[in-house]
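**Student:** If you scroll down you'll find the structure; I have some questions about it.
FYI, it's all coordinate maths here, none of it is from the lab. Source: prediction; values computed, not measured. No Cβ is skipped: glycine too gets one built from the backbone with ideal geometry, and neighbour counts run over all protein chains shown.
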Amino acid sequence: MTQLKKVAILGRPNVGKSSLFNRLLRERDAITSDVVGTTRDIKKRQVTISGNRDFEVIDTGGIDDSTEMFSIVKKLSLRAADEADIIVYVVDGKNIPEAEDKELFYSLQQLGKPIALVVNKIDNDKDEALRYWDFLEFGAERTFPMSVSHNRYMNKFYAWLEEYIPEREEEESLEADEDEDLSFEDIVEMVQVADEEEEDNEIKVAIIGRVNTGKSSLLNALLKEERAVVSPVAGTTIDPIDEEMEYRDYKITFVDTAGIRRRGKILGIEKYAFERTEAMLANADIALLMIDSTVGVLELDERIANLVEKYKLGCLIVLNKWDIHKDDEERYKKAVENIRDELKFLHYAPLITVSAKTGLRVHKILDEIVDIYGRYKQRIPTSKLNEVLKYAINRHHIPTVNGGVVKIKFATQYETKPPKIAIIMNRPDGLHFSYKRYLANIFREKFDFEGVPLDIGGRKRGQRIDDD
């Protein structure tokens with residue numbers, strides 16, 4: 001597969017970089033606001049223009065030296081420019097050119113890459129007459145007066161990109177037939193065949209937790225380089241960011257999500273960030289649930305953990321800042337008891353103590369992720385599943401319902417990620433939650449489902465797969 005060209009968008013704070021990023025994506029992906037410094041981390045997405053030209057667009061934080069945190073943002077932004085194939089430098093066309101912009105633009109020109117100057121916020125002819133000409137003194141090879149928010153003069157900018165973005169090599173594809181009303185047996189057979197043919201080696205991992213639990217520090221430690229902005233200021237990460245790495249023949253995509261606050265304290269752009277975090281979880285496979293070991297499990301931790309249950313994710317509980325405790329055995333026992341007591345519904349999730357700051361045991365997280373994912377996507381053969389089901393029924397018969405006999409015929413796993421098991425029976429309404437929990441415990445006892453939720457439900461034979 002051809003390596004995608006990388007297009008980095010740079011500029012000082014609040015000039016419209018994220019708006020351009022969203023315009024290229026044709027969706028509201030990056031958070032935009034009038035608050036200076038809304039974008040702090042590097043954000044990457046694949047974009048298609050002209051129907052068949054694909055590239056990776058990189059949204060960077062505003063380049064500013066006013067605070068220590070923004071100095072880190074600047075460092076990451078300039079690194080993105082160095083790694084990119086094409087650079088787009090955005091300036092605010094409502095104001096006169098800044099000396100700092102000129103210096104930055106000249107330094108980026110020295111990289112010898114295709115670079116364009118986008119004069120944004122040129123909303124009308126009057127703005128163009130007043131300000132655009134002042135920016136020609138930058139001496140850019142290509143200068144575009146545009147209004148990203150009003151989609152004004154964007155076509156010439158797209159045409160310039162097309163000069164450097166090659167057309168996609170088209171591949172033949174077959175259109176799938178429309179789904180028919182299929183029974184569980186039909187669906188299970190089709191999915192099993194598909195699983196045998198499809199290589200599944202991509203893992204999406206969401207790092208979630210309260211504000212300031214060390215999520216961005218953990219991401220940097222896992223990647224062994226500074227990719228996310230780390231600051232003692234709570235809530236530094238606003239827009240979910242993602243980074244990829246290869247490990248044990250898997251491509252792991254980490255999403256560092258915004259730290260979650262109590263509902264009453266979620267205001268402004270953080271409210272939108274929380275919604276984006278939920279959207280990321282809906283597409284994730286595994287959650288790294290970050291807990292601050294210096295504080296323990298709080299009510300908000302429990303609410304965040306409920307998101308793992310809501311989206312049926314594989315889970316690893318990461319107890320961070322453990323370097324402070326010096327591996328105190330007694331403290332470890334108390335910490336585990338606290339977590340298991342407060343987060344009973346995540347009883348299946350393994351736990352690891354780490355220090356993102358010092359790197360203590362961080363390397364073990366990658367092995368845990370791959371192992372959990374293997375269990376998350378595993379399929380238990382129907383014959384083995386029913387051997388265990390028979391054992392469970394003989395050990396503890398399913399109770400009657402209002403005097404009526406409830407008969408379980410067989411079980412089949414009809415889906416993975418997470419594993420979904422249908423109990424085929426004469427009365428699906430007779431599968432009480434307590435017996436469902438009993439079956440789940442038996443399946444966990446006989447098969448390795450550590451770190452993985454089980455979705456078990458009763459169905460009638462021949463019932464459609466999507467009937468609830």
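**Student:** Cβ under 11 Å from residue 148's Cβ, residue 148 left aside: what net charge do those residues give with Lys, Arg +1 and Asp, Glu -1?
**Tutor:** Net charge in that neighbourhood comes out at +3.
**Student:** Then there's this: Would you mind computing, in nm to one decimal, how far apart the modelled labels at residue 426 and residue 71 are, each placed 7 Å from Cα along Cα→Cβ?
**Tutor:** 7.6 nm
**Student:** Along segment 375-388, what does the Karplus equation 6.51 cos²θ - 1.76 cosθ + 1.60 (θ = phi - 60°) give for ³J(HN,Hα), rounded to whole Hz, x for Gly and Pro?
**Tutor:** Residue by residue, segment 375-388 yields 6, 5, 9, 6, 10, 8, x, 4, 5, 5, 4, 6, 4, 5 Hz.
**Student:** Now, a different point. Which FRET efficiency, nearest 0.05, do residue 383 and residue 437 yield, Cβ-Cβ r, R0 30 Å?
**Tutor:** Given R0 = 30 Å and the Cβ-Cβ separation, E is 0.80.
**Student:** At a Förster radius of 45 Å, what calculated FRET efficiency corresponds to the Cβ-Cβ distance of residue 295 and residue 201, to the nearest 0.05?
**Tutor:** Here the calculated transfer efficiency is 0.80.
**Student:** Another one. Residue by residue through segment 300-311, what is 3J(HN,Hα) from phi via Karplus (6.51 cos²θ - 1.76 cosθ + 1.60, θ = phi - 60°)? Round to whole Hz and write x for glycine and proline.
**Tutor:** 5, 4, 5, 5, 5, 4, 5, 5, 4, 5, 4, 9
**Student:** Something else now. Past 25 Å, Cα to Cα: identify those pairs from 321/364; 436/460; 310/357; 6/102; 74/321, in the order given.
**Tutor:** On the way: 321/364 15 Å; 436/460 16 Å; 310/357 30 Å; 6/102 23 Å; 74/321 27 Å.
Beyond 25 Å between Cα atoms: 310/357; 74/321.
**Student:** At 7 Å along the Cα-to-beta-carbon direction for both residue 279 and residue 56, put a label point, then send me their distance in nm to one decimal.
**Tutor:** About 2.1 nm, to one decimal.
**Student:** Packing-wise, with mean Cβ within 10 Å as the measure, how do 112-119, 359-366 rank, highest first?
**Tutor:** Values: 112-119: 19.8, 359-366: 15.5.
Ranked from most to least packed, the peptides come out as 112-119, 359-366.
**Student:** May I ask you to compute the full-extension gain from residue 4 to residue 364, defined as 0.36 nm times their residue separation minus their alpha-carbon distance, rounded to one decimal in nm?
**Tutor:** Taking residue 4 through residue 364 to full extension adds about 126.5 nm, to one decimal.
**Student:** Follow-up. Once the piece of chain linking residue 167 and residue 136 is laid out straight, how much longer is it, given 0.36 nm per residue of separation minus the C-alpha distance between them?
**Tutor:** Gain on extension, residue 167 to residue 136, equals 8.1 nm.
**Student:** Can you give the extra length, in nm with one decimal, that the chain gains between residue 341 and residue 303 once fully stretched, where that is 0.36 nm per residue apart less the Cα-Cα distance?
**Tutor:** Separation in residues times 0.36 nm, less the Cα-Cα distance, equals 12.2 nm.
**Student:** Output the antiparallel fraction of DSSP beta bridges having both residues in segment 5-162, as a percent to the nearest 5.
**Tutor:** 30 percent
**Student:** Next up: If R0 is 35 Å, what FRET efficiency do you get for residue 94 and residue 46 from their C-beta distance, rounded to 0.05?
**Tutor:** With R0 = 35 Å, the Cβ-Cβ based efficiency is 0.65.
**Student:** Here's another thing I want to ask about it. Using per-residue counts of other Cβ atoms within 10 Å, averaged over each peptide, order 153-162, 203-212 from highest down.
**Tutor:** The densest-packed peptide leads the list: 203-212, 153-162.
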